[in-house]
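> Questions regarding the structure given below will be posed in turn.
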Amino acid sequence: MAIALTVVSFVELRNRYHGGCLIPGYQSDGTDDLLRFLIFPTLFLIGFIWSLSELVYPWLLLKGMRRLDARWLSIALGLAVYAAVSVGWMIPPVPVERGQSRWEDGRWQIQEFTSVFWSVRVLAETGNFSHTSCGY
């Protein structure tokens, strides 16, 4: 069930917004579309952590941990892996020039969003979203 949630949310995000702007309704009043857009990455985040937790949990039980401790640790490990990937996405691939701040770039808010919801970032990096005339 957890893997299905992860895969289905990713596929739905890809299919629903293929060719559209990275963040729908970013500069227009398409707030309904923006709210719908936020659902898929959130479900992916939950599904990813849940999937990893379900994979690690039996292994922790075999190591002799109590059920409750194993469950909490498996969830913490899933969250840690997701957070590690998020932090990795926040590191810019190209070094910032001397005297220039990363914060000067107007796309920083979008980079933060796509770092937290890295399912969106993966789709953006693979060309799923349009970057022409989207207002950013």
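> What's the number of the only condition in (1) at pLDDT 95 or above; (2) under 13 Å from the mean Cα position of the chain (by Cα) that residue 42 fails to meet?
(1)
> Within region 40-71, can you find the residues that are assigned to a helix (DSSP H, G or I), without any contact (Cβ under 8 Å) to a residue 24 or more places away in the chain and not small (Gly, Ala, Ser)? Let's see the steps before the verdict.
To start, the set of residues in region 40-71 that are assigned to a helix (DSSP H, G or I) comprises 40-62, 67-71.
With without any contact (Cβ under 8 Å) to a residue 24 or more places away in the chain added as a condition, the list becomes 55-62, 67-71.
Matches in region 40-71: 55, 56, 57, 58, 59, 60, 61, 62, 67, 68, 69, 71.
> Pairs needed: first member in region 118-136, closer than 14 Å to residue 23 by Cβ; second member anywhere, at pLDDT 85 or above and assigned to a helix (DSSP H, G or I); C-beta distance under 6 Å; at least 6 residues apart or different chains.
Qualifying pairs under 6 Å: 119/10; 119/41; 119/44; 120/41; 123/14; 128/14.
> Restricting to region 1-21, count the residues that are of a type in the set (Phe, Trp, Tyr) and modelled with pLDDT under 90. Spell out how you get there, then give the answer.
Within region 1-21, the first condition is being of a type in the set (Phe, Trp, Tyr), and the residues that meet it are 10, 17.
Now narrow it down to the ones that are modelled with pLDDT under 90: 17.
Summing the residues that are of a type in the set (Phe, Trp, Tyr) and modelled with pLDDT under 90 in region 1-21 gives 1.
> Right, here's the next one. Can you name every residue in region 104-130 that is among the aromatic types (Phe, Trp, Tyr) and at pLDDT 70 or above? Don't jump to the end; show me each part of the working.
Residues of region 104-130 among the aromatic types (Phe, Trp, Tyr): 108, 113, 117-118, 129.
Of everything in region 104-130, those that are among the aromatic types (Phe, Trp, Tyr) and at pLDDT 70 or above turn out to be 113, 117, 118, 129.
> Determine which member of the set 53, 101 is modelled with pLDDT of 95 or more and of a type in the set (S, T, N, Q).
Numbers: 101 fails: modelled with pLDDT of 95 or more.
So the residue among 53, 101 that is modelled with pLDDT of 95 or more and of a type in the set (S, T, N, Q) is 53.
> Starting from residues that are surrounded by 14 or more Cβ atoms within 10 Å (Cβ to Cβ) and either β-branched (Val, Ile, Thr) or in contact with a His (Cβ under 8 Å, 6 or more places away or on another chain) (or both), keep the ones in region 22-36 and report whichever is modelled with the lowest pLDDT. Can you show your working first?
First, pick out the residues of region 22-36 that are surrounded by 14 or more Cβ atoms within 10 Å (Cβ to Cβ): 22-26, 30, 33-34, 36.
In the following step, the residues that additionally are either β-branched (Val, Ile, Thr) or in contact with a His (Cβ under 8 Å, 6 or more places away or on another chain) (or both) were identified as 22-23.
On the way: 22: 73, 23: 70.
Checked region 22-36; the qualifying residue modelled with the lowest pLDDT is 23.
The values are calculated or read from the model by the stated rules, or taken from the named source; none is laboratory data. Not measured: the values here are computed from a predicted model. Counting neighbours? That spans all protein chains shown, and the Cβs are built from the backbone with ideal geometry, glycine included.
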